[in-house]
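The structure under discussion appears below in the form of structure tokens.
The values are calculated or read from the model by the stated rules, or taken from the named source; none is laboratory data. Because the structure is a prediction, the values reported are computed rather than measured. Here Cβ is always computed from backbone atoms with ideal geometry, including for glycine, and neighbour counts include all displayed protein chains.
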Amino acid sequence: MLDAALIEQCADPSLTPAIVEEFIAAVGAEDPLNVTVRAGSKTFLVRQAKSPQGAMRLVQDHLGKAVVRVGITQYPVGIGITDKSQVTADVFDACNNIKIGTALFARVYRIATKWYGAPVPEAFTDAIEAYQTGYFDGEYVFMAEDPGESVELGVPDRSVSEEGAMETESENARSDPKNELRQQLWAQDPNKADIGVDLSGIGDFNRE
């Protein structure tokens, strides 16, 4: 479980600790140096990085060719980036990764909640999916206008077990007619989308 002090210090203030915990449990990784490379519906196995600089080299190897997600929040590195040098190794710092990842998710969650018109549980579920695919209601969600913090965000329902959620996901994958669309959305590369999210201001790092 993520340390409560780290959440309080680093997470976006518009999200409650309960929301942050559920968000990271749903989409995150335990290893701050984790790099996930996805193209279409396929996830490619990459070597385990042992340092932020090593993880950065993995990012640079794949950025622009596939969807690259990093760190505790599996932040989609590269959105709005035109030059690989703009991405720094500080994205692998646990606190910085939580900061930018939760800020991006908060934006997505507000968009989903506004669409529903109320902080209903479905808004959180859809926001998680939108964060993973980059799309909500058929549109590139990271490019959509942020409705602002006036939107009230609901706390996720913890009563649904992880096993039950997995079963539901499996059933939906078989029966949901939109599943094919989801696979198509996965194939889109957010690293090529210009949405003005620039990580260059996060900080510099010393190369090995």
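The set of residues in segment 71-99 being at pLDDT below 95 and among the β-branched types (Val, Ile, Thr) consists of 77, 79, 81, 82, 87, 88, 91. What number goes with the only condition from (1) in a loop (DSSP other than H, G, I, E, B); (2) more than 21 Å from residue 100 (Cα to Cα) that residue 81 does not pass? Exception for residue 81: condition (2).
Looking at segment 96-111, can you tell me whether even one residue there is surrounded by fewer than 23 Cβ atoms within 10 Å (Cβ to Cβ), in contact (Cβ under 8 Å) with a residue 40 or more places away in the chain, β-branched (Val, Ile, Thr) and out of contact with any strand residue (DSSP E or B) (no Cβ under 8 Å at 6 or more places or on another chain)? No: segment 96-111 contains no residue that is surrounded by fewer than 23 Cβ atoms within 10 Å (Cβ to Cβ), in contact (Cβ under 8 Å) with a residue 40 or more places away in the chain, β-branched (Val, Ile, Thr) and out of contact with any strand residue (DSSP E or B) (no Cβ under 8 Å at 6 or more places or on another chain).
Of all the listed residues (57, 38, 69, 47), the sole one being surrounded by 23 or more Cβ atoms within 10 Å (Cβ to Cβ) and of a type in the set (Lys, Arg) is 69. Tell me yes or no: at least one residue of segment 46-56 is at pLDDT below 95 and within 17 Å of the chain's Cα centre (by Cα). No, segment 46-56 contains no residue that is at pLDDT below 95 and within 17 Å of the chain's Cα centre (by Cα). Within segment 1-30, the set of residues being surrounded by 13 or more Cβ atoms within 10 Å (Cβ to Cβ), in contact (Cβ under 8 Å) with a residue 24 or more places away in the chain and charged (D, E, K, R) comprises 12, 22. Closer than 22 Å to residue 148 by Cβ and not hydrophobic (A, V, I, L, M, F, W, C) - does that describe any residue in segment 78-92? There is at least one residue in segment 78-92 that is closer than 22 Å to residue 148 by Cβ and not hydrophobic (A, V, I, L, M, F, W, C). Each residue in segment 57-70 was checked for being over 22 Å from residue 144 (Cβ atoms), in contact with a helix residue (DSSP H, G or I) (Cβ under 9 Å, 6 or more places away or on another chain) and either hydrophobic (A, V, I, L, M, F, W, C) or modelled with pLDDT of 95 or more (or both), and 4 pass. Against the criterion of being part of a strand (DSSP E or B) and either in contact with a helix residue (DSSP H, G or I) (Cβ under 7 Å, 6 or more places away or on another chain) or farther than 23 Å from residue 153 by Cβ (or both), residue 46 does not qualify. Output the residues belonging to segment 93-144 that are among the acidic types (Asp, Glu), outside any helix (DSSP H, G or I) and under 21 Å from residue 11 (Cα atoms). Once the filter is applied, which keeps residues that are among the acidic types (Asp, Glu), outside any helix (DSSP H, G or I) and under 21 Å from residue 11 (Cα atoms), segment 93-144 yields only 93.
Scanning segment 1-12 for residues being in a loop (DSSP other than H, G, I, E, B) and modelled with pLDDT under 95 gives a total of 3. Picking from 20, 59, 68, which residue would you name as being within 13 Å of the chain's Cα centre (by Cα), assigned to a helix (DSSP H, G or I) and β-branched (Val, Ile, Thr)? The match here is 20.
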